[in-house]
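Everything on this sheet refers to the single structure shown next.
The values are calculated or read from the model by the stated rules, or taken from the named source; none is laboratory data. If you're wondering where the values come from, they're calculated on a predicted model, not measured in any experiment. Here Cβ is always computed from backbone atoms with ideal geometry, including for glycine, and neighbour counts include all displayed protein chains. To get the accessible areas, we keep the full protein, side chains included, count just its heavy atoms, and leave off ligands, DNA and RNA. Shrake-Rupley method; radii C 1.70, N 1.55, O 1.52, S 1.80 Å.
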Amino acid sequence: MTANGWGPVPALDDVPFDVEVHASVGSTNERARALAAAGAGDVVVLADEQTGGHGRRDRSWASPSGGVWMSVLVRPELRLAEAPVLTLAAGVATVRAVEPVGVEATLKWPNDVLVPARDDEGTAPPERKLAGILTEAAGAGDHVDWVVVGVGINANVDADVLPPAATSLREEVGDVDRGELVRRWLEAFDALRADTDAVLAAWREVSSTLGRRVRVETPSGEVVGEASDVESPGLLVVDTGGDEVRVHAGDCEHL
């Protein structure tokens, strides 16, 4: 397969998904939703750049040429309430995909992939965002019809075109083979979606949120305390000192 900006991608010839490659697209999630409406499944939409990428709460997402911008359309045997486990699976898959190139990433609940900033002075380094995940789902009744897992990885991208709190693989270790990166991600995600019972344990192993004091902005108010665990299908358990609060969704800040 070929596409301007990607060239041949032989690494993806044998992955367990159909792969659609674009030089540029408004949003890979939007394209994947259109494929879902047409009845497709197990399809990856991959773009060299996005012109209208967005994250949670419709925040804009910088998606310049050289990154890995992809959305995976699946039709899992899950209840709608269980779909968030695929967000956790996507995070674990991202950590596993970048590890072979020398990047030790961690996961911030619910959907950020972080790496510590390099620090030559020995002080505690802040974390910078390497990748983000946006999961969308639809179903009939309580059963999932389809799930689109959107993943944006700042791969071969200059850091100066990214937000100040972000980094890229180019910045951390130099340019990488994006085809091999995507292949590793798809293989890891495919294994995790086949064994969702193993996802929580895998997520805990690479989490930078658990054990940390956090502030979570939720629709019903602010929750502050120590993040003590994650429970199915992706709830964050926060020990506030007087109670354990289970957070379904929200913006999490490491304190």
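Points to keep in mind about this one:
- The lone criterion from (1) surrounded by 16 or more Cβ atoms within 10 Å (Cβ to Cβ); (2) touching a residue at least 24 places away in the same chain (Cβ under 8 Å); (3) out of contact with any strand residue (DSSP E or B) (no Cβ under 8 Å at 6 or more places or on another chain) left unmet by Val173 is number (1).
- Index of the failed condition, Val9 passing every other in (1) under 25 Å from Pro76 (Cβ atoms); (2) open to solvent by less than 40 Å² (accessible area, probe 1.4 Å); (3) of a type outside the set (Ser, Thr, Tyr): (1)
- Checked against (1) farther than 30 Å from Pro10 by Cβ; (2) in contact with a helix residue (DSSP H, G or I) (Cβ under 9 Å, 6 or more places away or on another chain); (3) surrounded by fewer than 22 Cβ atoms within 10 Å (Cβ to Cβ); (4) small (Gly, Ala, Ser), Gly234 meets all criteria but (3).
- Some residue of the stretch 180-196 being at pLDDT below 95 and touching a helix residue (DSSP H, G or I) at 6+ places or on another chain (Cβ under 8 Å): yes
- Some residue of the stretch 138-157 being surrounded by 17 or more Cβ atoms within 10 Å (Cβ to Cβ), in contact with an Asp or Glu (Cβ under 6 Å, 6 or more places away or on another chain) and over 18 Å from Ser65 (Cα atoms): yes
- Residues in the stretch 199-212 that are open to solvent by 40 Å² or more (accessible area, probe 1.4 Å) and not basic (Lys, Arg): Ala201, Glu205, Leu210, Gly211.
- Elements of type strands (runs of 3 or more DSSP E) in the stretch 65-139, at least 1 residues being at negative phi and of a type in the set (D, E, K, R): 106-108, 112-116
- When Ser208 is tested against (1) within 26 Å of Arg96 (Cβ to Cβ); (2) in contact with a Gly (Cβ under 7 Å, 6 or more places away or on another chain), just one condition goes unmet, and that condition is (2).
- Only residues that are farther than 15 Å from Leu200 by Cα and open to solvent by less than 10 Å² (accessible area, probe 1.4 Å) were counted across the stretch 74-93, and they come to 1.
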